[in-house]
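Heads up: the structure comes next, in structure tokens.
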Amino acid sequence: MKLNLALAQIATKLGDVESNLEKHLEYIKQAKSQKADLLVFPELSLTGYVLQDLVASVAHTPTEDDPVFKHLLQASHDLDLVVGFVDEDSRHRFYIASAYLSGGRAIHVHHKVYLPTYGLFDEGRFFAWGDAVRAFDTRFGRIGMLICEDFWHASPPYLLWLDGADIMLFSSASPGRGLTDKEKLESARWVERVSKAYASMFTSFVAHCNRVGFEDGLLFWGGATINDPNGELLAQGPYFEEALTVSELDLNQLRRTRARLPLLRDERTNLTVSELQRILQK
């Protein structure tokens, strides 16, 4: 089975959901023209990143009666979509979220579970923490989604792997940090290294979509990547500019790699659980 995967590294306008929606629809049209099956947008792609007191005013729900999502759900009849947004629950808590849309419905929503509050970050002041890391079934197999800081920690990708995810979709609004004499920002180099490592260790496809542009003094670097289950780089987007990166994934590669390297077969999950219980009881 083949999957044409597209990553849209876009520049969003802070707080301007209508303008950002228009850009989503433009990239959906472009991805359809390139015969993409699945299109992934970055973290908070509908809203912009440095929201602070704007959070409540830009929240939406991935339902047919939502004025923004009704357009995206309609578009998901033609290709599957991953969209970044601010989600609001029934008790008016707000989450950094990614929704997987397919066939006119949201089949999974992931709430960001790690909210950074160090350095230039203050997400924990404005958002609630997610409390679940789950894989889910799609027409392309089992998929898992993580948002930025989630995959800066080893446990969420590991949990997705154990939960059956063969394709991991990472979305970010990652500001450029670590300017050195090297050609790449240190933040870009770090994310590219861990994406390759996760793909190799978990013998899975790993795709990362980061936004671009400037916002409130922050520069976002883009550089979308797709790695195969051997860790090999299949495609990469440019740095610092909007782009649509498309690559064909041969899902049969999962079988070939895992037959050669049976890390999943040999994983001792019960050992991990028992040792975690011991550590937590200290």
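Which entries in K13/K196; K2/K184; K29/K70; K35/K196 show an alpha-carbon gap greater than 20 Å? Don't skip to the end; give the middle numbers.
Details: K13/K196 30 Å; K2/K184 32 Å; K29/K70 16 Å; K35/K196 26 Å.
Exceeds cut-off: K13/K196; K2/K184; K35/K196.
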Extension gain, Y118 back to R258 (0.36 nm per residue minus Cα-Cα distance, nm) = 46.6 nm
task = In whole Hz, with x marking every Gly and Pro, tabulate ³J(HN,Hα) for region 267-275 from phi via Karplus 6.51 cos²θ - 1.76 cosθ + 1.60, θ = phi - 60°.
result = 5, 9, 4, 5, 5, 4, 4, 5, 6
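For L251 and A197, calculate 0.36 nm times their separation in residues minus their Cα-Cα distance, and state this gained length in nm to one decimal.
Details: separation 54, 0.36 × 54 = 19.44 nm, distance 1.87 nm.
Gain on extension, L251 to A197, equals 17.6 nm.
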ask   = What's the extension gain from E64 to D78 if we count 0.36 nm per residue and subtract their Cα-Cα distance?
value = 3.4 nm
Among V83, V194, V206, residue whose mean-square fluctuation peaks in a GNM of the chain (springs only between Cα atoms under 10 Å) = V194
message = From Cα pairs below 8 angstrom and at least 6 apart in sequence, can you work out the relative contact order of region 2-280, rounded to a whole percent?
response = 18
task = Excluding residues fewer than 8 places away in the same chain, name every one of the aspartates and glutamates whose C-alpha is closer than 19 Å to that of K23.
result = D37, E43, D66, D78, D80, E215, E241, E242
ask   = What is the set of long-range amide H partners of G176 at a cut-off below 5 Å, with H atoms built 1.01 Å from backbone N?
value = L219, F220, W221
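Can you give the local net charge around V212? Use residues other than it whose beta-carbon is closer than 9 angstrom to its beta-carbon, Lys and Arg +1, Asp and Glu -1.
Details: positive: R211; negative: E241, E242.
Every neighbour counted, the sum reads -1.
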key: Note, ³J(HN,Hα) from phi for region 85-90, Karplus 6.51, -1.76, 1.60, rounded to Hz, x at Gly and Pro   = 7, 9, 9, 10, 8, 5
message = For A243, what residues show an amide H to amide H distance below 5 Å, using hydrogens built from the backbone and excluding near sequence neighbours?
response = Q9
inquiry  = Let's test the formula: R0 of 51 Å, r as the Cβ-Cβ distance of H92 and R189. What FRET efficiency results, to the nearest 0.05?
reply    = 0.80
inquiry  = Using Cβ counts within 10 Å as a stand-in for footprinting exposure, how do M201, M1, M145 rank, fewest first?
reply    = M1, M201, M145
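Coordinate-derived values only; no laboratory data. Keep in mind that this is a model prediction, so the values were computed, not measured. In this analysis, Cβ positions are derived from the backbone assuming ideal geometry, glycine residues included, and neighbour counts consider all displayed protein chains.
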